[in-house]
Amino acid sequence: MKKSFIVANWKSNKTVLEAEKWFRTFNNSQLTINKEEKKVIICPPFTLLPKVKELSFNCQLSIVVGAQDISPFDEGSYTGEINGKQIKEFADYVIIGHSERRKNFLESDETLFAKVELANKYGLTPIFCVQDEITKIPENVEIVAYEPVFAIGTGNPDTPENAEKIAMQIKANKGIISVLYGGSLTSKNIKGFTKMPNIDGVLVGGASLDAQEFYEIIQNA
Ligand code: PGA
């Protein structure tokens, strides 16, 4: 049985109190999950990294913490940036190259490649997002998330068949071991994607904000 990654991307959502409430609901869920087959990664905003790390210790499922971004610079005089060494205190994964960052913050391939290098330097595993099969991917990346822009936050996911085809094309790149799909996933449509042989997990945005729905996503994946 292949192991699936189930990644929650909370984006710019939740306060400390809201995160505590999310974990209370999550821990009270009465569903059965096969823990061996699923790796659950929560990516909260930077302000919640220490809190989510702490809350994940007391969680009924084993949860790993990820960041949503990383500075393209090492530690130093870069006002407002959070660097890899700081992130590694709380997290083991980092999302790099999300289309919202490429579009709203004009992140270039060069910037994203620098971020991957620093993530690797500090022992953070990059989850590198691509929008299609031709997006450039740096060499030292093992996990790629295919997230077509038309599917993000629109309620209009790609078809599992097309996502599978693109996952196969992405895996033709040297070194890529796992391809995740992201875009308008819910507990109802998740299985269509995770049952595909070349899709190794999912990246969930909006639907991960609701603890009960996210629990059902994990169960159904
Ligand atoms: P969505 O976002 O699940 O809300 O469509 C996915 C993502 O942007 O990672």
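The values are calculated or read from the model by the stated rules, or taken from the named source; none is laboratory data. Because the structure is a prediction, the values reported are computed rather than measured. Cβ coordinates were reconstructed from backbone atoms using ideal geometry, including for glycine residues, and neighbour counts include every protein chain displayed. Each accessible area value is taken on the protein alone, full model and side chains, heavy atoms only, with ligands, DNA and RNA left out. Shrake-Rupley method; radii C 1.70, N 1.55, O 1.52, S 1.80 Å.
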Value of [θ]222 nm, deg cm²/dmol, for the chain, DSSP H segments ≥ 4, -39500 (n - 2.57) each, nearest 500: -9500 deg cm²/dmol
Mean-position separation - Cα centroids, the range 194-221 and the range 24-74, in angstrom: 13
Estimated FRET transfer efficiency when R0 is 22 angstrom, pair Thr47-Asp210 (beta carbons, to 0.05): 0.65
Modelled FRET efficiency - R0 25 Å, Tyr78 with Asp109, Cβ distances, 0.05 increments: 0.80
Chain lengthening between Lys35 and Glu142 when straightened (0.36 nm per residue, less Cα-Cα): 36.3 nm
DSSP-loop chymotrypsin sites (Phe, Trp or Tyr not before Pro) across the range 69-98, with at most 15 other Cβ within 10 angstrom: Phe73, Tyr78
Kyte-Doolittle mean at least -1.0, axial Cα span of 15 Å or more - DSSP H helices of the chain: 16-28, 109-121, 160-171
Fully extended contour minus Cα-Cα distance, from Lys174 to Asn13, at 0.36 nm per residue: 54.5 nm
Rounded percent of accessible protein surface that carbon and sulfur make up, the chain, 1.4 Å probe: 52
Heavy-atom surface of the range 1-121, accessible at 1.4 Å and reported per residue (Å²): 54
Separation of the Leu61 and Asn156 label points, Cα + 7 Å toward Cβ, nm: 2.9
Rel. contact order, % - alpha carbon contacts under 8 angstrom, at least six apart, the range 1-140: 20
Calculated Rg and Dmax of the chain using C-alpha coordinates, Å: 16.3, 48
R0 of 35 Å, Cβ-Cβ distance Lys21-Lys188: FRET efficiency to nearest 0.05: 0.90
Above-threshold pairs, the threshold being 23 Å between Cα atoms, out of Lys35/Lys188; Lys39/Lys188; Lys136/Lys188; Lys11/Lys51; Lys51/Lys85: Lys136/Lys188
